[in-house]
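Please read the structure below before turning to the comments.
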Amino acid sequence: MPRQAQDDLATIFLKHGAIMQVLRTNQVGGWQPNITPIAPTILLGQIKIPFTDISPLSIILNRVLASLAVPTLQDWLVIVVMLIIYSIIALPYGWKIGFLHIQIWSATWIDKCLLILRCLFLPAIVEELFFRVFLLPHPSEITNWFRWGFWAIVSLLLFVLYHPLNAKTFFKAGISTFDDPVFLVLAAFLGIICTAAYTLTGSLFVIVLIHWVVVVVWLIVFGGIRKLDNN
C-alpha cells in the first residue's frame, strides 16, 4: 500500500477512536538491526541523498499527495482571514511608502482573463509547490516544531531571494521592481501568510488561491502591470 494511502487510513481510524499498532514486517520473528526494509521502487525510496537515508523523491511525492486534499469550510475561512490580515498590513504599508496606488489596468477583458489564468500557474501554483509543499513538512508530518521552524525560515528566505534572482536571469522586465526593498518586504509577508495558511490547512489549493488573489489584485488594481511595463 502506498505510504500516503496508509497514512490516510490510519488517520481515519484514529479519528474514530481506534488503537493503532505499527508492525515492521521486515522484523517479523524478532529484532535484528542488520535487517532493513527495501524500498519498492526507484521513485518510492531507492534514490537517496548520498551518505544519508533520506529519499527526496518519495518525500516530495507524499507531500504533494497529502496537499491535494479538498478544502473544507474551515479552510475557506482561513483563506478569507489570511487575505484580510495581509490587506490590513500590506495596503497601508505600500501606500505609505508609495509603492502601491490605485491604477487599474486598462486592458481588454480577454487580456485580463489571460493574465489571471497565467498567474494561476506562475507564480501561484509553481511557487507554492516548491517553496511550501516541497520544502515544508506537511502538517500531518509535524512531530518536531523546531525542525519545522527551521524549514519554514529556509523556505521563506529562498522565496524572497528567488524574486531578484529570477529578475536577473529569466524575468528581466521585473528587475527594478523585484529588487525594490518594499516589494521584497511585501513578498516576505505573503510568504509568512502562505506558510501559516499551509500549516493550518495542509492544502495546496488554499495557499495557491491566496497567492493568486494577491498577485492578480496587485497587477490589475494597484499598478503592478505598469511597474513591470515601465522597467
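Starting from one equal scatterer on each C-alpha and no solvent at all, send me the Debye-based log10 I(q)/I(0) for the chain at q = 0.12, 0.14, 0.17, 0.18 Å⁻¹, two decimals. Per q value, in the given order, log10 I(q)/I(0) is -0.78, -0.98, -1.31, -1.43.
When the solvent-accessible area of the chain is split by element, carbon and sulfur atoms take up 72 percent of it, the probe being 1.4 Å.
Taking the Kirkwood radius as Rh and the Cα radius of gyration as Rg, the range 124-167 has a ratio of Rg/Rh equal to 1.03.
Average accessible surface for the chain: 63 Å² per residue, computed with a 1.4 Å probe over protein heavy atoms with every protein chain in place.
Given R0 = 22 Å, the distance between the Cβ atoms of residue 171 and residue 130 translates into a calculated FRET efficiency of 0.90. Considering only 171, 130, 99, give the residue with the highest GNM mean-square fluctuation for the chain, with springs between Cα atoms whenever their separation is below 10 Å. Result: 171 has the largest fluctuation of those listed.
Taking the inverse of the mean 1/r over every pair of distinct Cα atoms in the range 71-110 gives a Kirkwood hydrodynamic radius of 12.4 Å. Averaging 1/r over each pair of different alpha-carbon atoms in the range 26-113 and inverting the result gives 19.1 Å, the Kirkwood hydrodynamic radius. Computed extension gain for residue 96 through residue 49, at 0.36 nm per residue and net of the alpha carbon distance, reaches 12.2 nm. Taking every Cα-Cα distance in the range 107-186 and sorting them into 10 Å bins starting at zero, the pair-distance distribution P(r) comes out as 16, 36, 32, 14, 3, 0 percent. Here the Gaussian network model covers the chain, with springs between Cα atoms less than 10 Å apart; of 209, 190, 14, 14 fluctuates the most. Using modelled amide H (1.01 Å from N, peptide plane; none on Pro or chain starts), what sits under 5 Å from the amide H of residue 222, excluding residues fewer than 5 places away? Placed amide hydrogens put 103 under 5 Å from residue 222.
The values are calculated or read from the model by the stated rules, or taken from the named source; none is laboratory data. Everything quoted here is computed from the prediction, not taken from an experiment. Here Cβ is always computed from backbone atoms with ideal geometry, including for glycine, and neighbour counts include all displayed protein chains. The accessibility values were calculated without ligands, DNA or RNA, using every heavy atom of the protein model including side chains. Shrake-Rupley method; radii C 1.70, N 1.55, O 1.52, S 1.80 Å.
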